[in-house]
Structures are given as C-alpha cells and as structure tokens.
Amino acid sequence: MERKMKLGMEVVNFNAAGIDVGSRSHYVAVGQELEDVKEFGVYAEDLTALCHWLLECDVTTVAMESTGDYWQNLYTELIGFGFEVVLANGKFTKNAKGRKTDVKDCRWIQKLHTLGLLTGSFLPDLATEQLRTYCRQRGNWIELASSATHKMQKFLKLLNFRLDVVVKDVCGLTGMKIIEDICKGNLDPYKLAEHRHYNCRKPKEEIARALHGNNREDYLFGLQQELENYRFCQRKIKACDKEIKRTIKHYINANPETKKLKTTEKPHKRINKNAPDIKDMNQLAYRYFDGVDLFAIEGLSHASILSIMSEIGPEGFKKFRTSKQFTSWLRLAPNNKISGGKILSNRVPKGSNRLKIALRQAANAIGNLKDTHLSDFFKRIAFRRGRHSAVSATARKLAVIIWNMVTKKVPYDPPRQYLFLDQKRKMGLAKRIKKQIDKFDLKPEDLGFDKTLNINIQN
C-alpha cells in the first residue's frame, strides 16, 4: 500500500498581503480564497481605502511588484500607515502556473510573501531620493542640449559652414560666438573669423575659408531655433545646479559637526562644461560622506561623485553587508553558474543603472592615466582580456574601494601614490641631480654647503 507524503513549507510572514499593481486599478489579496481578493482604484481616496481595509484584515506586511512608476504613490501611502512593505522585482513573481490574471497574480504574490520567498529591492532614503530627482532631471536637460547641438551642426553643414572642421567644439567659446553672430545676420566670413579665441589651433584665415556658405534662409531659420533651444536647456541646467547645491547643503546643515570638516583642495581635477556648476564640490562631498574623501581616487570626476551621492547616498551603502553584495547589486560581479563541480558560465549579468554607468566611465578614464595603481591594474586586465573586460573589472574594483571607504571610514591608500605633472617634474629633477652627484662623487663642501649641516645627499 502506497503511503502519501506531504511536504509543508514554514510560514515566515504571518498576516501578509500581496498587491498586483496596475495603471488603472490595484488587486489586493490577504489570503488564497477568492473572497480574500479585492480591487481598488488608483486615486488618492482609493489608496487610503486600501490601507484601511488592510488594517481591518490585521495585515502587518505587504509585498508588491515594482511595476513602472505606478507603485510609488501606493508605496508611500502604505509606509505612511505603518506597514512593512517589500518591493519585489517582477522577475521573481512571474512563475505562476496557468493563465495569467490580475486575481491570480495578487494571490501568487501573497503566497510567496507568506512563505518568505520574496526579497525587497533597494530604495534610497528620502534625502537621497530628492537629490536623485534633481540630478536625473539635470541629465535629461543635458541630453536635450546635446540633441540641439547635433541639430545645429547639421544646419551648419547644410549652410556649408564647416565650423566642425576648424574648431574642436562647436559649442565652445569660438563656436558659440560665431553661431550667435550668424543668427544675428552677419554672414561675412572674415568678420566671423574675428571671434577666434586665442586657444583655437586654426588661424583666422582657415576659419574664414570654412565659413563661406550658401546663406539659405530656411537653414538659417532652423539654426536660429536650435540655438534658442540650446540656450533654453542651458538655463534649465543652471537651475538644476542651484537646486542640487541647495539640497546638498541642507543635508549637511542637518548635522552641525560635519560643517567643520575640511579636506585638501583638488585643483588637478578637471572640470568640463557638463560638470555641475558647484565651486566647492570637493568640500561638500567630503562633508556629505562624513569625512570620506572620494575625490582622492584618481579617475573619479565631479559627475561621478554626484552620481554616487544621488543614486545611493551615504546611508544606502549600509544596506549592503559586504562589498560583494554591493558589486552584485551593481551587476559588476561575475555570475558564476556551477553544475557538477564545473563552471558553466561566469559572465557579468546584463543590465545597468546610472551608478554602474558612472563607474564604468570612471574606469575608462583610469585606463588613459599613467603610472597609477588603478591604471596598472587596468592595463594588466586589458592585456589579457581586452579593454571591455578591463573597464568592467576596474569598475568593480572602484565599487569595492568606495564601499570600504564609506562604510569603514578609511581613507584611500593605494600601494603607490599617484603623482601629478608638477610632482613628476620635481621627482625627475631630484633623480637627475642625485645621479650627477653620484657620478662626480661630489661632497657637501663642493656644493657650497656648510660642513656643520648634517646633510645626507645620498638619501
């Protein structure tokens, strides 16, 4: 006689609910029966009614999918009512058997959450989320300004003004003055060439030769409109910079002790035209991370630091217990698939977020440096695996360094310090002088030093 066996799973979350988030309505399940499912709308009064119904059902914890942007208002309302909310990735909740329906989905989410099979996604704190909104909006305006730049270049080519050949940046000092003068009606190539900046490599004669156009009115009209779009985007970018600086200072002023912190200046850090217009960014970032100097890492620019501040923030690092978890969340760590004791695949998972993109851009910049600890690591990987793999490996190494600096409050201490151009020249001069002293066997008195001075020239 066959014996029937039952395999039960332990309930982890009692009084749990599951919500299937939608654009027009939300389906909520507090159990596995049909009468335990209820539909609510998406208006503010509907979200409040949903929370009151969960309280009547003695629900304490809720699981929901991160579907588009529809979950955000509901998430805020649930947190306001004191519920423990687990925001799960949709790929972990899409294995329900049978035909897909909203009722079945919410019941399946409730079942998985009751058994403790769902993990929450990373969510930043409120201050970081506000800063992230301003920074992402700034990025949107930069993309629109870039689009306007490309369209201006197109109209210039149609007008046969080959400004892109004689200047490095069409929207630089020389290029913008020439474009503005063209839009005002000045089409004389020799007068336009007078706007040449002294740093421009091409002479005035060659610039004038490149500005003999066909002067079509329709192309001039299009160029003028794209110039207005570019100026409009630049004004919006400056407005975003003001809000970003105000938000960072408000966060720092909340803790009076951090206002006293001060680090060394970083004049060697280059500032391009897309960098945030915040003059004391070095000091603000040092205080924002409570005495951690991320600018000391070679390769990290103003935009990279701002991405770290806005995408994860100082409190977000604490949600990852180890640096391995942090790099895995960034999808910079290899996903080792092992079966039968053999590694089937160790590729880096697909997908990226803004922080991963910023770290990869910083890693690519490190690959162009010379004589640094990180650039040596980059070149070793690039020699064996190629530049693409070296960028990923260096980005992962950067993520580990940043996690350790922020969570453990340790300074950046590479095995070999990076020397900048003036420091390299000083070291080179000292080596040449020492070599000449050794070659001619010079003594202190030969160089005019007093014998009473204890000078060790050999060292």
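Could you go through the range 182-194 and let me know if any residue there is of a type in the set (Lys, Arg), outside any helix (DSSP H, G or I) and touching a Lys or Arg at 6+ places or on another chain (Cβ under 9 Å). The answer is no; no qualifying residue exists. Within the option set Lys236, Lys157, Lys168, being modelled with pLDDT under 95 and under 30 Å from Arg354 (Cα atoms) holds for one residue only, Lys168. Residue count for the range 338-355 under the criterion of being part of a helix (DSSP H, G or I) and either modelled with pLDDT under 85 or out of contact with any Asp or Glu (no Cβ under 9 Å at 6 or more places or on another chain) (or both): the result is 0. Taken over the range 8-43, residues that are out of contact with any His (no Cβ under 6 Å at 6 or more places or on another chain) and open to solvent by less than 80 Å² (accessible area, probe 1.4 Å) amount to 19. Being open to solvent by 50 Å² or more (accessible area, probe 1.4 Å), within 30 Å of Asn73 (Cα to Cα) and aromatic (Phe, Trp, Tyr) is a property that holds for Tyr134. Pairs are defined by a Cβ separation below 9 Å, a sequence spacing of at least 6 or placement on different chains, a first member in the range 258-276 that is on the phi < 0 side of the Ramachandran plot, and a second member that is open to solvent by 50 Å² or more (accessible area, probe 1.4 Å) and of a type in the set (Lys, Arg); the pairs so defined are Thr258/Arg287; Lys259/Arg287; Lys260/Arg287; Leu261/Arg287; Lys262/Arg287; Thr263/Arg287; Pro276/Lys245. Only residues that are aromatic (Phe, Trp, Tyr) and either in contact with a Phe, Trp or Tyr (Cβ under 7 Å, 6 or more places away or on another chain) or closer than 22 Å to Leu115 by Cα (or both) were counted across the range 21-52, and they come to 1. For the range 75-84, the set of residues classified as open to solvent by 20 Å² or more (accessible area, probe 1.4 Å), touching a residue at least 12 places away in the same chain (Cβ under 8 Å) and assigned to a loop (DSSP other than H, G, I, E, B) consists of Phe81 only. Of the set (1) part of a loop (DSSP other than H, G, I, E, B); (2) at pLDDT 95 or above, all apply to Glu228 but (1). Among what's in the range 250-269 and is in a helix (DSSP H, G or I) and open to solvent by less than 80 Å² (accessible area, probe 1.4 Å), pick the residue that is farthest from Asp181 (Cα to Cα). So the residue we want is Thr258.
Under the condition of being assigned to a loop (DSSP other than H, G, I, E, B) and of a type in the set (Ser, Thr, Tyr), the residues counted in the range 198-225 number 1. Here are Leu118, Leu112: which of them is touching a Ser or Thr at 6+ places or on another chain (Cβ under 9 Å), assigned to a helix (DSSP H, G or I) and under 14 Å from Gly18 (Cα atoms)? Matching residue, one of Leu118, Leu112: Leu112. Could you please let me know if Leu369 is within 14 Å of the chain's Cα centre (by Cα) and at pLDDT 85 or above? The answer is no for Leu369. Being without any contact (Cβ under 8 Å) to a residue 12 or more places away in the chain and either under 19 Å from Gly139 (Cα atoms) or of a type in the set (S, T, N, Q) (or both) is a property that Gln234 lacks. Cβ separations smaller than 6 Å between residues 6+ apart or across chains give the following pairs from the range 318-343 residues that are within 22 Å of Phe122 (Cα to Cα) to residues that are open to solvent by 70 Å² or more (accessible area, probe 1.4 Å): Thr327/Arg396; Leu332/Arg396; Pro334/Asn346.
Here Ile109 does not fit the description of being of a type in the set (Val, Ile, Thr), crowded, with 20+ Cβ neighbours inside 10 Å and touching a His at 6+ places or on another chain (Cβ under 6 Å). Close contacts from the range 345-370, counting a first residue that is without any contact (Cβ under 8 Å) to a residue 40 or more places away in the chain and a second that is β-branched (Val, Ile, Thr), with Cβ to Cβ under 8 Å and a gap of 6+ residues or different chains, come to Arg360/Val391; Asn364/Val391; Gly367/Val391; Gly367/Thr394. The residue list Arg321, Arg331 contains one member that is basic (Lys, Arg) and either touching a helix residue (DSSP H, G or I) at 6+ places or on another chain (Cβ under 7 Å) or closer than 18 Å to Lys356 by Cβ (or both), which is Arg331. Of the residues making up the range 85-104, those that are under 34 Å from the mean Cα position of the chain (by Cα) and assigned to a helix (DSSP H, G or I) number 3. If you go through the range 317-337 one residue at a time, do you hit one that is farther than 30 Å from Ile244 by Cα, in a helix (DSSP H, G or I) and of a type in the set (S, T, N, Q)? So far as the range 317-337 goes, no, none of its residues is farther than 30 Å from Ile244 by Cα, in a helix (DSSP H, G or I) and of a type in the set (S, T, N, Q).
The values are calculated or read from the model by the stated rules, or taken from the named source; none is laboratory data. A quick note: this is a predicted structure, and the numbers were derived from the prediction, not measured. Quick reminder, even Gly has a Cβ in these numbers, built from the backbone with ideal geometry, and neighbours come from all protein chains shown. Keep in mind that these areas ignore ligands, DNA and RNA; they rest on the heavy atoms of the full protein, side chains included. Shrake-Rupley method; radii C 1.70, N 1.55, O 1.52, S 1.80 Å.
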